[in-house]
1. Any residue at all in region 125-133 that is under 22 Å from Ala33 (Cβ atoms) and at pLDDT below 95?
2. I'd like to check something: does region 26-49 contain any residue that is over 16 Å from the mean Cα position of the chain (by Cα) and not charged (D, E, K, R)?
3. Ile91 versus (1) touching a helix residue (DSSP H, G or I) at 6+ places or on another chain (Cβ under 6 Å); (2) within 16 Å of Asp128 (Cβ to Cβ): which is the lone unmet condition?
4. Filter region 111-122 for residues that are surrounded by 21 or more Cβ atoms within 10 Å (Cβ to Cβ) and either farther than 24 Å from Arg13 by Cα or charged (D, E, K, R) (or both) and give the result.
5. Report yes if Ile103 is of a type in the set (Val, Ile, Thr) and touching a helix residue (DSSP H, G or I) at 6+ places or on another chain (Cβ under 6 Å), otherwise no.
6. Being under 24 Å from Ser29 (Cβ atoms), of a type in the set (Gly, Ala, Ser) and either modelled with pLDDT of 95 or more or not in a loop (DSSP other than H, G, I, E, B) (or both): is that true of Gly156 here?
Amino acid sequence: MSPIDVQREVFKRVARVMLEQFGDRVEASVATASLSVAVGSASVDVEVRPWRDDALIVIRAELITGARLEHALYDFLLHENHTLDLGAFSINGAGSVVFGHNILGSTFETRDLRASLWSVMNVADQYDDRIQQHWGGLRAVDRNLSQEIHVDRRAGTIDETLQFSSHGARGGRRNTNS
């Protein structure tokens with residue numbers, strides 16, 4: 001199976017799990033093989049990327065944008081990384097505080113994905129307020145987040161005709177409710 005085929009299959013599996021868990025709160029972008037769900041003041045993004053001869057499930061929450069990036073914040077994040085069971089804090093290229101966890105795509109179990117999702121969600125929802133209080137910035141709930149296509153839970157399926165490339169996915173949803 002090619003990495004693109006693996007990406008396609010993993011994306012379908014991830015989407016099904018997220019639909020079962022979060023229902024119509026799930027937003028999806030077929031173009032980027034990504035999904036997102038809001039929880040509390042945070043938003044969690046899940047992207048399925050080709051990786052070597054497999055796929056990687058990248059689960060991330062951008063907790064704070066525009067925080068004061070200073071040594072005290074870095075020290076805090078590094079200390080907290082040491083205490084957490086799943087995932088780690090980082091600062092992305094735009095200077096935002098991010099929390100995330102990755103899972104190998106082809107061998108993931110539903111319980112692994114759920115554990116990772118809940119870990120990222122809980123940490124993001126707990127820590128965004130603390131970080132904002134001390135170092136400023138905006139939480140996900142404070143920002144205007146663009147919404148992509150909405151995954152229809154009633155359809156219960158992801159478009160089987162998705163065409164993936166090394167640049168992401170192409171295609172759209174088809175209406176299976178006719």
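1. Scanning region 125-133, I find no residue that is under 22 Å from Ala33 (Cβ atoms) and at pLDDT below 95, so the answer is no.
2. If we filter region 26-49 for residues that are over 16 Å from the mean Cα position of the chain (by Cα), which is where we start, we get none.
No, the conditions are met nowhere in region 26-49.
3. With respect to (1) touching a helix residue (DSSP H, G or I) at 6+ places or on another chain (Cβ under 6 Å); (2) within 16 Å of Asp128 (Cβ to Cβ), Ile91 is out only on (1).
4. Correct list: empty.
5. Values: of a type in the set (Val, Ile, Thr): yes; touching a helix residue (DSSP H, G or I) at 6+ places or on another chain (Cβ under 6 Å): yes.
Yes.
6. Details: under 24 Å from Ser29 (Cβ atoms): yes; of a type in the set (Gly, Ala, Ser): yes; either modelled with pLDDT of 95 or more or not in a loop (DSSP other than H, G, I, E, B) (or both): no.
Judged against the criteria, Gly156 is not a match.
The values are calculated or read from the model by the stated rules, or taken from the named source; none is laboratory data. What you are looking at is a predicted structure, and each value in this text was computed from that prediction instead of being measured. Cβ atoms come from the backbone with ideal geometry, glycine included; neighbour counts cover every protein chain shown.
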